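Asks: Questions regarding the structure given below will be posed in turn.
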Amino acid sequence: MSLTRRQFLMRVGQAGGYSATFVMMQSLGLLAIPEASAESSKLRLVDGKGTKVVILGAGIAGLVAAYELGKAGYRCTVLEARERCGGRNWTIRDGTDVEFTSGVRQSCSFDEGNYFNAGPARLPSIHRTMLGYCDQLGVPLEVEVNSSRGALMQCDKLNGGAPVTERRAVNDTRGHVSELLAKCIKKGALDEEITADDRERMIEFLRQYGDLSPDLLFKGTERSGFKVPPGAGKEMPEPIDPLPMHALLDADLWQGMLAEEVIDWQPTMFQPIGGMDRIPYAFHKALGPVVRNGAVVQSIRQSASGVTVVYHDKASGTDQTIVADYCICALPLTIVRTLDADFSPAVRQTIDATSYDSAYKIAWESPRFWEKENGIYGGLSYLRQTVNVVWYPSARLFSDRGIVVSGYSIENGTAFGKLPTVQAKLDASRQATEILHPGHGKDLSKPVYISWGQIPYNLGAWISGFGHSGSLDVLLAPDRRVYFAGDHTSHLVGWQEGAALSSYRVINQLGVRIENGGNIVS
């Protein structure tokens, strides 16, 4: 049976995933290597001439809006319910209190210098807007190790349930897939649609890609590790035995194997030294009294000439009113739907129809056994268990103790979310580490469990859908004098970059409106 190039590449994808297809297409000259870039908007600042803008929420979207509009001569006020800025950009350290809407309370007691990024924890190199703000605001960065070939993968169906290194799982998979494809090509099954030159080039590529023997068989590879490691004696190095392809297929660990191919997870990634909240702290320092903390928004009313916002001031215990020409609402829609606001029917319908995921993270303090015993420095291990990720710290490498995140995923609709108590969830988290690192589950201490669906003023991690009666497009245009910003109004949901670019869109829209005498220009 003959195959076209398209059919052949589809089969490569089915067998080896996106990574194999991508590399194969490049080797055939069918795909250029593009410059990685996130969707972005070019900021255009227009003189605000003293226009008053009230900004709801001091997350990244609200802070970026206030920072840039302030440069352009707008008079901004940011209302933030918390005593801190940053929204989901929240770093937990010794003394941080965590309170859920359910009444669960925790207090962090990490050692001095240790911290846990409860929300965003990485800055991709393609997120140039956020990297640019770190540069402008003097926030020092370090490399965040998002993937490590020394990290582990575990499934009860693979290797008798014992964890294997990521390098072994990845390279053994490549070897088996390459052997299958090389045999197919060698038998001439593709000769009618692929030229002889392409045939030889593909075979050579597969030999290198899968580290095949001269007879195009996969017999194991040093890329996966060693049964006998190289040394200085007479004994020759010997590669570790390859994992069977059927066992790799049964394990279904492709998400972990291909994580590095996700556009926002590709090296190199960064993190602020000392915690992700260094970014909102730097914005807050630059903005000063523009930000009013402890201001809980209650209502929004619009008129032909402006917007009136009523908020409760926690410090004084009184309700306060602020009047502005325009409002930028950068609050999560889970919070916006609770406000007494005179939105248009279409906007109200969209807000009410949205749903949010509740992501969770569980962090522990521990001696760094993963570094000393496994040689794992950063990155994530993946399991096929109730808790399916263990994330190792990139900060303070080689120090005595560190913060390991044993569990990070969606809580709603999952086996983890169905666990009946906080203690049951902590037990599952500890068990995941024990499975990967036998004997070390007991070393985990000082747990901090974050469930974003239960965090006040968030009630969710990121938007998961607009429902049948809602649409993102409705929120991309102003509702009279109210504009909407936040990562939920971008195509980079869950990323700080999306929040920042959403504010650029709003700033540009406001600029056009100011230039046109306050009239909306579609």
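Asks: Determine, yes or no, whether GLU144 is in contact (Cβ under 8 Å) with a residue 24 or more places away in the chain and at negative phi.
Replies: yes
Asks: Among the candidates ILE376, ILE362, ILE328, which residue alone is in contact with a Lys or Arg (Cβ under 8 Å, 6 or more places away or on another chain) and of a type in the set (Val, Ile, Thr)?
Replies: Of ILE376, ILE362, ILE328, the one residue that is in contact with a Lys or Arg (Cβ under 8 Å, 6 or more places away or on another chain) and of a type in the set (Val, Ile, Thr) is ILE362.
Asks: Being of a type in the set (A, V, I, L, M) and either surrounded by fewer than 21 Cβ atoms within 10 Å (Cβ to Cβ) or touching a helix residue (DSSP H, G or I) at 6+ places or on another chain (Cβ under 6 Å) (or both) is the requirement here; does LEU419 meet it?
Replies: In short, yes.
Asks: Kindly evaluate PHE343 against the criterion of being aromatic (Phe, Trp, Tyr), at pLDDT 95 or above and open to solvent by 30 Å² or more (accessible area, probe 1.4 Å).
Replies: No; evaluated as a whole, the condition is false for this residue.
Asks: While we're on this one: Go through the stretch 370-402 and give me each residue that's hydrophobic (A, V, I, L, M, F, W, C) and farther than 26 Å from LEU258 by Cα.
Replies: Of everything in the stretch 370-402, just one residue is hydrophobic (A, V, I, L, M, F, W, C) and farther than 26 Å from LEU258 by Cα, namely PHE398.
Asks: Do we find a residue being open to solvent by less than 60 Å² (accessible area, probe 1.4 Å), in a helix (DSSP H, G or I), closer than 30 Å to GLY275 by Cα and at pLDDT 90 or above anywhere in the stretch 165-180?
Replies: Scanning the stretch 165-180, I find at least one residue that is open to solvent by less than 60 Å² (accessible area, probe 1.4 Å), in a helix (DSSP H, G or I), closer than 30 Å to GLY275 by Cα and at pLDDT 90 or above, so the answer is yes.
Asks: Scan the stretch 276-300 residue by residue and report those that are loosely packed, with under 15 Cβ neighbours inside 10 Å and not in a helix (DSSP H, G or I).
Replies: Within the stretch 276-300, SER299 is the sole residue that qualifies.
Asks: Another question about this same structure. Select from the stretch 473-483 the residues that are part of a helix (DSSP H, G or I) and in contact with a helix residue (DSSP H, G or I) (Cβ under 7 Å, 6 or more places away or on another chain) and write down the one among them that is surrounded by the fewest Cβ atoms within 10 Å (Cβ to Cβ).
Replies: For the stretch 473-483, the residue satisfying everything is LEU476.
Asks: If you don't mind, another one. Tally up the residues in the stretch 55-93 that are surrounded by fewer than 24 Cβ atoms within 10 Å (Cβ to Cβ), touching a Lys or Arg at 6+ places or on another chain (Cβ under 7 Å) and within 13 Å of LEU287 (Cβ to Cβ), please.
Replies: 2
Asks: May I ask you to verify whether GLY119 is surrounded by 21 or more Cβ atoms within 10 Å (Cβ to Cβ) and either assigned to a loop (DSSP other than H, G, I, E, B) or not aromatic (Phe, Trp, Tyr) (or both)?
Replies: Judged against the criteria, GLY119 is a match.
Asks: Cβ-Cβ under 7 Å, sequence separation 6+ or interchain: first residue in the stretch 203-218 and among the charged types (D, E, K, R), partner not in a helix (DSSP H, G or I). Which pairs?
Replies: ARG207/LEU216; ASP211/THR221
Asks: Counting only residues that are farther than 23 Å from VAL493 by Cβ, assigned to a strand (DSSP E or B) and touching a helix residue (DSSP H, G or I) at 6+ places or on another chain (Cβ under 7 Å), how many does the stretch 71-116 have?
Replies: Number of matching residues: 2.
Asks: Ok, one more. Here's a check for you: in the stretch 396-416, which residue that is within 15 Å of ASN117 (Cα to Cα) and either crowded, with 21+ Cβ neighbours inside 10 Å or of a type in the set (Asp, Glu) (or both) is farthest from the chain's Cα centre (by Cα)?
Replies: Only one residue fits best here, namely GLY402.
Asks: A follow-up question, please. Mind telling me which of the residues GLY498, GLY486, GLY460, GLY494 ends up being small (Gly, Ala, Ser) and either open to solvent by 10 Å² or more (accessible area, probe 1.4 Å) or more than 22 Å from the chain's Cα centre (by Cα) (or both)?
Replies: GLY494
Asks: With the requirement that a residue be open to solvent by 10 Å² or more (accessible area, probe 1.4 Å) and either part of a helix (DSSP H, G or I) or touching a residue at least 60 places away in the same chain (Cβ under 8 Å) (or both), what does the stretch 501-517 give you?
Replies: Once the filter is applied, which keeps residues that are open to solvent by 10 Å² or more (accessible area, probe 1.4 Å) and either part of a helix (DSSP H, G or I) or touching a residue at least 60 places away in the same chain (Cβ under 8 Å) (or both), the stretch 501-517 yields LEU501, TYR504, ARG505, ASN508, GLN509, VAL512, ARG513, ILE514, GLU515.
Asks: Find the residue count for the stretch 352-370, including only residues that are more than 18 Å from the chain's Cα centre (by Cα) and either among the basic types (Lys, Arg) or open to solvent by 30 Å² or more (accessible area, probe 1.4 Å) (or both). Can you show your working first?
Replies: Quick first cut of the stretch 352-370, residues more than 18 Å from the chain's Cα centre (by Cα) only: 352-355, 364-370.
From what is left, the residues that are either among the basic types (Lys, Arg) or open to solvent by 30 Å² or more (accessible area, probe 1.4 Å) (or both) are 352, 355, 367-368.
Residues that pass the stated criteria total 4.
Asks: Could you tell me whether ASP427 is at pLDDT 95 or above, farther than 22 Å from GLY119 by Cβ, over 24 Å from the mean Cα position of the chain (by Cα) and open to solvent by less than 60 Å² (accessible area, probe 1.4 Å)? Please lay out each step first, then the result.
Replies: Details: at pLDDT 95 or above: yes; farther than 22 Å from GLY119 by Cβ: yes; over 24 Å from the mean Cα position of the chain (by Cα): yes; open to solvent by less than 60 Å² (accessible area, probe 1.4 Å): no.
When the stated conditions are applied, ASP427 does not pass them.
Asks: Further question on the same structure: Please verify whether ASP135 is open to solvent by 60 Å² or more (accessible area, probe 1.4 Å), outside any loop (DSSP other than H, G, I, E, B) and within 30 Å of TRP452 (Cβ to Cβ), treating the condition exactly as stated. Break it down stepwise before answering.
Replies: Values: open to solvent by 60 Å² or more (accessible area, probe 1.4 Å): yes; outside any loop (DSSP other than H, G, I, E, B): yes; within 30 Å of TRP452 (Cβ to Cβ): yes.
Yes: the conditions hold for ASP135.
Results for (1) among the aliphatic types (A, V, I, L, M); (2) closer than 24 Å to GLY95 by Cβ; (3) touching a residue at least 24 places away in the same chain (Cβ under 8 Å), shown as yes or no for each residue.
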site	(1), (2), (3)
TYR356	no, no, yes
SER366	no, yes, yes
GLU371	no, no, yes
GLY375	no, no, yes
TYR382	no, no, yes
GLN385	no, no, yes
ALA395	yes, yes, yes
SER409	no, no, yes
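Asks: Of all residues in the stretch 139-164, how many are open to solvent by 40 Å² or more (accessible area, probe 1.4 Å) and among the acidic types (Asp, Glu)?
Replies: Here the count works out to 2.
Asks: Continuing with the same structure: From the list GLN385, GLN320, GLN349, pick out the single residue that is at pLDDT below 95 and either surrounded by fewer than 18 Cβ atoms within 10 Å (Cβ to Cβ) or farther than 30 Å from ILE300 by Cβ (or both). Please lay out each step first, then the result.
Replies: Numbers: GLN385 fails: at pLDDT below 95; GLN320 fails: at pLDDT below 95.
When all the criteria are applied, what remains is GLN349.
The values are calculated or read from the model by the stated rules, or taken from the named source; none is laboratory data. Because the structure is a prediction, the values reported are computed rather than measured. Using ideal geometry, Cβ is built from the backbone for each residue, glycine included, and neighbour counts are taken over all protein chains shown. Surface accessibility is based on the protein's heavy atoms, side chains included, excluding ligands, DNA and RNA. Shrake-Rupley method; radii C 1.70, N 1.55, O 1.52, S 1.80 Å.
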